[in-house]
Amino acid sequence: MFTEPDTSIKADASLRGLPYSGLTPVRSSRPKGNLVKVAEATRPAPDWVPEMEAVRDRKDQRAFKALFGHFAPRVKAFLMKGGASADIAEDVAQEVMATLWRKAHLFDPARASVSTWVFTIARNKRIDLIRKERRPEPEDLPWGPEAEPDQDEALALQEDCERLGEALAALPEKQKDLIRRAYFGDLTHREIAEQTGLPLGTIKSRIRLALDRLRHAMG
Amino acid sequence: MTTQIRHHLTDDLLMAYSAGSLPEAFSLVVASHVSMCDECRARLAGFDAVGGSVMEAMEVADMSEEAFGATLALIAANEDAEPAPAPRTGLFPAPLRDWIGGDVDTIVWRGVGGGVSQAVIQTRGPETVRLLRIPGGTAVPDHGHGGTELTMVLQGAFRDETDRFAAGDVECADEDMTHTPVAEPGPDCICLAATDSRLQFTGLLPRIAGRIMGI
């Protein structure tokens, strides 16, 4: 699934801060033979799920390097927007990526996109290492062997997340800026109170169904 | 466990929790409710997805040349997979149990009058969070709020002027509200309540027992 030779070169390029030309996107539900052709024809943004699964299932360092090349500079920028110095943001971004590796077995593409997963790890590290606070996390619902998420479900969620990204990008600049600042950790709870009404219904319903199926499988 | 929950978290609380800007006291109630409520878990996942979109759309800040190697070294130094938190075993949802370091049997209750007891949980910041234990059929003394009060029922049920709240339900009361929750007859009603200023019990009590309590 993972297109190895291609990846390492491009990941290296992005590590040096060159424009990232994109990994050949590998959609898990597409027939193998068509992969490259489809991807080159339409060039949808890669969803990074195959790389994340390669890290999860095979501790694949090449896949990890590709993830690092894409996400570490974003995590660093994200932390700096939240007020961290470049040095601290660099160190914490490394911690975030190391945690991505260590928590790979908990990644579930039916419940989160890879960028969402990276965001939640970065947010938690910001609270823990920069703000020096504790973050109580909800009890997790691990997928049991009988509840293995099916690929269509995972693909559908990835597409929902992509559409959410497009919807957010299309918001008026002022509102977009407020949302970004909220997630950088710049707004208080009271300031956030005005930011509801985001287009989250589809993702919520999708995840709700996945959770219902999981509850059912757990008996 | 999740089907009978009728009162949920508000969007602004979920978004603030997702953004990581909710104070510890409130985060503890949010994490506890989400542990028991798949509806709010799914809504929270939606807000997390917004964070994912923000992350994906970030401009980049170049990492240093050594960054990747340094990260591999971090991994090599501690390759243990991070386990998921252990699931709930007693009355308390896992995040509350883990925060306190024990379940309800480890709580040291202090009376606040009228048969009601409390135990303040230590958190950072001016907000407070406490466990309240109200004997069945008893009213919590009248109290106003300086700000928001977020109350989650862990055991039993209470009613106030607005509705009935049972295990798993949360009530979000704002500063204008003075309410008198009454525990339903039956077992003690145990709640987890966060406020962004100290609770003011009107009349009955000169002051609440100090914030630092041995739990």
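In chain B, the longest principal axis of the Cα atoms and the axis of helix B:38-56 are about 30 degrees apart. Put a plus charge on the Cβ of each Lys and Arg, a minus charge on the Cβ of each Asp and Glu, and nothing anywhere else: the dipole of region A:89-136 about its Cα centre is then about 240 debye. The string of couplings for region A:119-126 from the Karplus curve (6.51, -1.76, 1.60, θ = phi - 60°) is 4, 5, 5, 5, 4, 5, 5, 4 Hz, one whole number per residue in order, with x for Gly and Pro. Note on residue B:155/residue A:140: beta-carbon distance plugged into 1/(1 + (r/R0)^6) with R0 of 30 Å gives a FRET efficiency of 0.85. Distance from the C-alpha centroid of region B:36-91 to that of region B:97-162: 32 Å, rounded to the whole angstrom. For region A:81-219, the solvent-accessible area works out to 46 Å² per residue, with a probe of 1.4 Å and every protein chain left in place. In loop segments of region A:155-219 as defined by DSSP, there are no trypsin sites (Lys or Arg not before Pro) with at most 10 further C-beta atoms inside 10 Å of their C-beta. For region A:52-74 versus region A:171-209, the spacing of their alpha-carbon centroids is 28 Å. Once you have all Cα-Cα distances for chain B, histogram them in 10 Å bins from zero and send the whole-percent values. Whole-percent P(r) values from 0 Å outward: 8, 30, 33, 16, 9, 4, 0. Spin-label model, residue A:107 to residue A:218: label points 7 Å out along the Cα-to-beta-carbon direction sit 2.3 nm apart. For region A:51-170, the spread of Cα positions along the three principal axes, ordered from largest to smallest, is 44, 35, 32 Å. Approximating the spin labels as points 7 Å out from Cα along Cα→Cβ, the residue A:188-to-residue A:159 distance works out to 4.4 nm. In loop segments of region A:84-142 as defined by DSSP, the trypsin sites (Lys or Arg not before Pro) with at most 10 further C-beta atoms inside 10 Å of their C-beta are A:132.
Model label points for residue B:82 and residue A:175, set 7 angstrom from Cα along the Cα-to-Cβ axis, are 3.3 nm apart. Region B:1-62: which trypsin sites (Lys or Arg not before Pro) are DSSP loop and have at most 16 other beta-carbon atoms within 10 angstrom? Here the trypsin sites (Lys or Arg not before Pro) that fit, given the DSSP loop and packing criteria, are B:6. Listed cross-link partners A:59/A:125; A:59/A:103; A:81/A:176; A:103/A:176 are compared with a 20 Å cut-off, the Cα-Cα value being larger for A:59/A:125; A:103/A:176.
Using only side-chain charges placed at the Cβ, +1 for Lys and Arg and -1 for Asp and Glu, the dipole size of chain B relative to its Cα centre rounds to 1140 debye. For region A:91-108, putting each phi into the Karplus relation 6.51 cos²θ - 1.76 cosθ + 1.60 with θ = phi - 60° gives couplings of 5, 5, 4, 5, 4, 4, 5, 5, 5, 4, 5, 5, 9, 4, 5, 9, 5, 9 Hz, in residue order, rounded to whole numbers and with x for Gly and Pro.
Relative to the dominant Cα principal axis of chain B, helix B:67-77 is inclined by about 60°.
Projecting the Cα atoms of B:155, B:109, B:131 onto the charge dipole of chain B (Cβ charges, centred on the Cα centre) puts B:109 farthest toward the positive pole.
Helix content alone sets the calculated 222 nm mean residue ellipticity of chain B: runs of n ≥ 4 DSSP H residues at -39500 (n - 2.57) each, divided across all residues, give -8500 deg cm²/dmol.
GNM remark for chain B: springs join alpha carbons under 10 Å apart, and the peak mean-square fluctuation among B:13, B:28, B:154 falls on B:13.
The values are calculated or read from the model by the stated rules, or taken from the named source; none is laboratory data. Everything numeric in this text was worked out from a predicted model, so none of it was measured. Glycine also receives a Cβ, built like all others from the backbone with ideal geometry; neighbour counts cover every protein chain displayed. Surface areas here come from the heavy atoms of the whole protein model, side chains and all, with no ligands, DNA or RNA. Shrake-Rupley method; radii C 1.70, N 1.55, O 1.52, S 1.80 Å.
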